[in-house]
Structures are given as C-alpha cells and as structure tokens.
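Written below as structure tokens is the structure these notes are about.
The values are calculated or read from the model by the stated rules, or taken from the named source; none is laboratory data. Since the structure is predicted, the reported quantities are computational estimates derived from the model, not experimental observations. Neighbour counts are summed over all protein chains in view; Cβ atoms, including those assigned to glycine, are modelled from backbone coordinates with ideal geometry.
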Amino acid sequence: MSLPGLPLLLQSIVNGILMGGVYGLVAIGLTLIFGVMKIINFAHGSLMMLGMFTTYWLYVFLGLDPYLSLLFSIPCLFVLGLLIERFLIAQVLDAPAHNQLLLTLGISLFIENFALFLWTPNFRTLEVTYLRKAAMVGTVMISLPKLVAFIFAIILTILLYCFLKRTDMGKAIRAASEEREGALTVGINLRRIYYVAFGIGAACVGAAGTLTAPFFYVNPNVGGIFVITAFVVVVLGGMGNFIGALVGGIIIGLAESVGAAFVPGQLKQFIIYFIFILVLLFKPEGLFGRTSE
Amino acid sequence: MNSTAGRTRNILVIIITGVILLILPFFMGGYYVHLVTMIFFFGYLGVAWNILGGYAGQFSFGHAAFFGVGAFTSTLLQVHLGVNPWIGLFLAGIAGLILGLCIGSLSFRYGLRGPYFALAMLALAEMFRLMAVEWMTVRYPLGITIPLKGDSLWYFQFRSKVPYYYIMLFMMAAALYLTHVIEGKKIGSYFKAIRENESAAEALGINAFKYKLLAMAMSSFLTAVGGTFYAQYYLHIDEESAFGVAISIEALLGPILGGAGTVLGPVLGAGIIEGLSETTRNLLGGYSGVHLMVYGTILIFVIIFLPGGILGGLQTAFRKLSRGG
C-alpha cells in the first residue's frame, strides 16, 4: 500500500462521484422493484448488459450516437421487464423469498449465457471519437462520457421522482410499495402495478447500461460487476428507499474509486463485497433507516 | 405398510443399487465412467449443500467459497510442503469447517436470513475468488498443477478414471448416509423446525443459532472435502474452477431440482442436470456457456412449476392421493 498524492486523491474523488451517479441509476431500478414487490432482482445486471449491447449494436450497425440510443434502450428494456414480470416473476409472488431469488438467478443465467452464445465472450468497446475528450479542471481530468453519464443519471432520477410524485400511476406505485393491503382496498390493481414497476426498474438499468457503454467494455458478463455493486448500494441506501439509492450510489462510487487509489487491481471489487457483507451484518436497514420489513 | 417388511425392502433396494453401481465401471467406457463420476460428484456437493440449504433452510449462494478453500488447501499443502493428499483432504475439510463457522456465526448472530444470507454468501465466495485472482496472477498465471506421482492410491492420483469413480461413490454414499441419519434423529426435526419457522422453533426451546451453525459446519466440511477431490481428479486448479459462481450454482441446483430437504433429491437432481447439460453440450458443441444456460432454464422451470423439486412434488402428490383414498 502506498499513499497517493493529493492530485490523485482529488481525481479519484471526482471519478467516484461521477461513477456513483451511474451506480445510483442502476440501484434505483433495483430498489424500486424491491420496494414495490419485495423481490431482489438478481437479473438486474443482465438487463443492464442488454442495455449496453443495444447501444453497442445500434452504434456499430447504424452509426447511431450512443446517447440517442437511450430512445431505444429505455423502451426495449421496459417492455422486456414487463414481459419477464408478467410471465415469470408473477408466478412466484407468493413463493418463499429464496425461491424468488433463485428464479431471478435463473433468468440472469439464461440471459447472460444466451448473450454469450450470440455475441461471444469478446470484450468490445465503443469507439466514439468525440467522447475521447476530457476537460481539465486544475489537476483533475474529467472524462466527457462519465460526466454525460452522471448528468443523464441525475436527470433520469429526477424525472422518475416526478413521475412517482405527480402522476396517478406513480402515486399508485408508491401506495403499493408503502402499504400493500391499503392499496388493494382503494382499488389499485396490484398486478398491473407490479409489472409496470418491474418494467420501469428494467428501463432504468437499461438506461444505465447505455450511459455506461461509452466508457466501459461491453461483454455478456459485464452485468455481474454492476449487479453486486447495485446490491450494496441498495442495501446501504435502505431497501426500497429512492433517495437513499442515489446517495448510496455516490458513497459506493467514492469508496470504490478512492479505495482503488490505495489498493491494487482486483482488490477494488473486493472492497465492494467487503462493504456489502459489513452492511448486511451490521446495518441491514441501511444508512437512512426507514425499516419497514 | 408393515414397517419390518418396508425396512427389508429398503435394505434390498440399497444392496441391489450398491452392487449395480459397484460393477457398473466394468461395463462402461472411459467417457461414461467420467460422466457417472461427475454425477456422483455433483450429487455429493448437492448433498452437502442440502444439509444447510434443504434441511436447515439457510440458502447459500456461495458454497464455492468452501469448495475453493478445500481445493486450495490440499493442493497448496501438497505442492509446497509435500503433504500427502489424504491428509490434505482432511485438513481441507477442517479449513472449510473453520471458514463455515466464522461466516456462520457472524451471519446467524446478526440474524441474516433468507435472501440476505444467500447474497452474503455469494459476496464471500466472490471475495475469495478475487483474492485468488490477485494472488495467482503473479505466482500461478496458468493455475496450479499438482505434480504427477504416478498411479498410486497413496498419492490419490490414478491414470484410469475407475478408482476416482469408486472414491466418489464412497464419498457420496457416506454423505447420503449422514443425511439419512440426520433425518431420522432429533437434529433433523430441529433443522426442519428452524427452516419452517425460526421464531416458533426458538419459542419451543430450540437453540436456532447452535443448530444452524451445526448444519453449516457439516455442509462446509463436506463441500471443502469435495474441493480436494476435484483438485485430485483434474490435478489442476485455478481460481475460476475453484471459486467461480458456477460451483455455487451447481451445488444448489441438484437439490433444488431433485428436492431440497430430501435424502436422495440432490443425487437425482445431479443426475438429471448432468445428463441434460452433457446432451446440450454435445448438441451445441464448443460454446462455453451452454451448461449455464441449461442451469438457468432448469432453475426457471423448477421454481415456477415444481417449487418443491421432483421428490418434494412426488411427496405432495402421494399425500394428496392417500388423503383422497
């Protein structure tokens, strides 16, 4: 272990915050699904991978700008999430929690390895010239795609927040997540809420995939890296807590990136897992309370 | 049913099955001996997982941690200190057991349940995998190979697959016998009580912490020993084959399919899974993720259509029949 200098530290803080926005977006989908359905969606990472590949292929075949492909990845993933919920998850809503987790694990295994079959395990990267740029602020380099991803992540989060606060559907979703029986009593169609919520969760992570693709590699197993991080973020922010997910995302982004300045290579992932276990053990209700379960 | 007659029949079935399995290698080619050994091997891992997951109801998604610790313990002892693999096998089991007790006492003390326990175990296995990656990239970039010592029972390595077949058959039979004993004794009922309703079990005076830890101890010991077998079978290990997610999934898939919390379920499940993934592998050829895709499909179907597994489903069906008749 060596002590990094101040510039490196500042750099990793900036990187961490930028990355944290994306983690937040991944985690918001996960926490929405959990809050409403009480289901831990293990397939979240594979949905993100699909979002990344949507962007990748649209760019490679049609030359579509990666950020324009948000217009495709969000609806595609929304529909896919809806279908997964409608035909698979809806069947096990009353099953024990570990069986639900096993089902989503099965879904993720299937999606990831089907993608492996279609697209081979090769690591691919998006070569977008205008995104190579980076802005210098003092000694700190801010990479353009990360900054764009961060801004989009914040915008999407705010949009989603408004949707949940303002629209009838959003209100129904929040009602279902806070008080299932009460929601039923006032005539909310829970089945519909469930698949819409799952669809929105999938759309969020699809968007996160699109935003990540320009500065990360794309391959069928890439989701695994993000899904565990997202679990940590969700648990840290409090299961089902929306704002907590965003704050948690930035905390984990920071921990990972500052940690990486101190420890070498793969150990940065190691830190994430370690934090995960610690949080599960000692603070399972998350940093911001709201213990409902 | 007359219980003595029933018992005699059971003993007969066991003896006949045993004899068939003992003479089977004489009638099979090397490929099939390997295939059946793998069925025994995954059956064995499933039986080990089943003690904790099936009986005591603590679903672990990270049994690869124990498996890998077992494989690495015996292999490193053997390569660096020349420790005999049979002693290594025992020490591997102890290492797995210690790890199991550590993580078990932590997670059970702090009340980690259901999916949270499953995910914590997954994170544990991944932590070990990453440590192994970090440690091996410099020292053993191609994995660790166990030096060849010839065809010898003493060194636990054989040119033919047949001795491995018998060793694994014995290990699986022993693990099955252990589960059978557990099921018949009070401890089995305690495990099931904890699985069905932990608070109720505690209210009845069962020390849930103690019994969950006991289940964890047995499960982790057996799994780690399985790791040593794997290392000796291939005489080569790397971080992915020892700590990879695939092992964690393979350990739980057999019991889930065959019937978690039944004695024979894991072996039945392992047989079906190996058969299926071998067939698809032959059909789709050299594409590497095919068995995982099959696992995913199996998981989806079993959880939706057969949540108790095959034997669990049969049990419910029989109960319904006998109640109706």
Kindly indicate whether any position in the stretch B:177-191 is within 30 Å of A:Phe274 (Cα to Cα), away from chain A (no Cβ under 14 Å) and part of a helix (DSSP H, G or I).
yes
Filtered residues of the stretch B:28-50 (kept if of a type in the set (Ser, Thr, Tyr) and in contact (Cβ under 8 Å) with a residue 60 or more places away in the chain):
B:Thr37, B:Tyr44
Being modelled with pLDDT under 90, more than 30 Å from B:Gly308 (Cα to Cα) and not acidic (Asp, Glu) narrows it down to one residue among A:Leu116, A:Leu71, A:Leu93; which is it?
A:Leu116
If B:Pro115 passes every condition in (1) surrounded by fewer than 22 Cβ atoms within 10 Å (Cβ to Cβ); (2) over 19 Å from the mean Cα position of the chain (by Cα) but one, which one does it miss?
(1)
Residues of the stretch B:34-61 satisfying the condition of being within 11 Å of the chain's Cα centre (by Cα), within 14 Å of another protein chain (Cβ to nearest Cβ) and aromatic (Phe, Trp, Tyr)
B:Trp49
crowded, with 16+ Cβ neighbours inside 10 Å and more than 13 Å from every other protein chain (Cβ to nearest Cβ), is that true of B:Gly104?
no
Keeping to the stretch B:267-281, report how many residues are free of Cβ contacts under 8 Å to residues at least 24 places away in the same chain and either polar (S, T, N, Q) or buried (at least 24 other Cβ atoms within 10 Å of the Cβ) (or both).
3
For A:Arg132, all conditions in the list (1) surrounded by 16 or more Cβ atoms within 10 Å (Cβ to Cβ); (2) free of Cβ contacts under 8 Å to residues at least 40 places away in the same chain; (3) basic (Lys, Arg) hold save one; what is the number of the exception?
(1)
Does the stretch A:128-178 hold any residues that are assigned to a helix (DSSP H, G or I) and of a type in the set (Lys, Arg), and which are they?
A:Arg132, A:Lys146, A:Lys165, A:Arg166, A:Lys171, A:Arg174
Assuming B:Gly143 fulfils every condition listed in (1) within 14 Å of chain A (Cβ to nearest Cβ); (2) surrounded by 13 or more Cβ atoms within 10 Å (Cβ to Cβ); (3) touching a residue at least 40 places away in the same chain (Cβ under 8 Å); (4) more than 20 Å from B:Ala251 (Cβ to Cβ) apart from one, which condition is it?
(1)
Looking at the stretch B:290-301, I want the residues that are under 17 Å from A:Trp119 (Cβ atoms) and have a partner that is surrounded by fewer than 20 Cβ atoms within 10 Å (Cβ to Cβ) and charged (D, E, K, R) with Cβ atoms under 7 Å, at least 6 apart or on another chain. Which pairs are those?
B:Val290/B:Arg281
Would you point out which residue out of B:Leu284, B:Leu264, B:Leu253, B:Leu257 is surrounded by fewer than 19 Cβ atoms within 10 Å (Cβ to Cβ) and under 26 Å from B:Tyr177 (Cα atoms)?
B:Leu264
Pick out the one residue from A:Val196, A:Val222, A:Val258 that is β-branched (Val, Ile, Thr) and crowded, with 23+ Cβ neighbours inside 10 Å.
A:Val222
Could you name every one of the helices (runs of 4 or more DSSP H) located completely within the stretch A:212-288 that has at least 1 residues being without any contact (Cβ under 8 Å) to a residue 40 or more places away in the chain and either under 30 Å from A:Phe117 (Cβ atoms) or of a type outside the set (Gly, Ala, Ser) (or both)?
A:267-282
Checking the conditions here, which among A:Ile28, A:Ile13, A:Ile33, A:Ile17 is assigned to a helix (DSSP H, G or I), over 23 Å from A:Leu116 (Cα atoms) and touching a strand residue (DSSP E or B) at 6+ places or on another chain (Cβ under 9 Å)?
A:Ile13
Pick out the one residue from A:Tyr56, A:Tyr23 that is out of contact with any Ser or Thr (no Cβ under 7 Å at 6 or more places or on another chain) and among the aromatic types (Phe, Trp, Tyr).
A:Tyr56
